[in-house]
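Trainee: Got a structure for you, written out below as structure tokens; questions coming shortly.
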Amino acid sequence: MVPDLFAPVVAWRTWEVAETKDGWRLLSVHMRDTWPVGEPLVAACHRDRFLAGASDPHACPTFDCHCGIHGVSHPEGARQYFVASWADVEYGMIALTDDYVPRAVGRVNLWGRVMVHSDGFRASLAYPQHLFLPAKRPDGGEFGAECASMGLLDYGVPVEMIDAYTRDEMLAALPAA
Ligand SMILES: [Zn+2]
């Protein structure tokens, strides 16, 4: 049995940040789900996206599927995704265009059906709790992070700009818990 948790657990994760027709929004890094404003993101199984005629929809998360909204219990886990995106920029995998926007890293509330893993959680419901964005581009230039951080205030949670120049500065500036 997967217990229903009504008090959220707090975890860490990394998000894509993008300007949509509704304003600046958080997107899941892998599944590209747009996180709604003012209501929780509800987990859905994405197997159907990859397998035509996949099994019947099931409640998320379950033991035998990787679906559910992921969060890691230690910021180091979220940092990996953040560092990966930053490294992609540094090594030219992502073009550092004028409209480049960094990923956000932060804390997330997870509740509903919650599965506990050794390094984090998978949940059926999630909402951001506290967001951090680097204020400078990896090349030291100015970029649209200020617009993004202002836009992310739509979520009604704290959005902090980290005055970081390198990814190490960014990661060192994150609170430990
Ligand atoms: Zn699934």
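Values quoted throughout were computed directly from the atomic coordinates according to the rules given, and no laboratory measurement underlies them. If you're wondering where the values come from, they're calculated on a predicted model, not measured in any experiment. Don't worry about glycine lacking a Cβ; one is built from the backbone with ideal geometry, like all the others, and counts go over all protein chains shown.
Trainee: Give the order of Glu169, Glu160 when sorted by the count of other beta carbons within 10 angstrom, beginning with the fewest.
Mentor: Ordered by Cβ neighbours within 10 Å, fewest first: Glu169, Glu160.
Trainee: OK, next. Would you please give the residues with an amide H less than 5 Å from that of Glu160, counting only those at least 5 places away or on a separate chain, with H modeled from the backbone geometry?
Mentor: Hits under the 5 Å cutoff: Leu131, Phe132, Leu133.
Trainee: Compare the peptides 120-129, 61-70 by average per-residue count of other Cβ atoms within 10 angstrom and give them in order, highest first.
Mentor: 120-129, 61-70
Trainee: I've got another one for you. Show me the ranking of peptides 9-20, 31-42, 102-113 by mean Cβ neighbours inside 10 Å, starting with the highest.
Mentor: Packing order, densest peptide first, comes out as 102-113, 9-20, 31-42.
Trainee: Amide H to amide H, which residues 5 or more places from Leu125 or on other chains are under 5 Å from it, using H placed in the peptide plane?
Mentor: Result for Leu125 returns Ala43, Trp111, Arg113.
Trainee: Could you list Met170, Met115 in order of exposure, starting from the residue whose Cβ has the fewest other Cβ atoms within 10 Å?
Mentor: Fewest to most other Cβ atoms nearby, the residues stand as Met115, Met170.
Trainee: With a point put 7 Å past each Cα toward its Cβ, work out how far His58 is from Val42 in nm, to one decimal.
Mentor: 2.0
Trainee: Would you mind getting me the FRET efficiency between Cys65 and Ser118? Use the beta-carbon distance for r and R0 = 30 Å, nearest 0.05.
Mentor: Working: r = 18 Å, r/R0 = 0.60.
E(calc), rounded to 0.05, equals 0.95.
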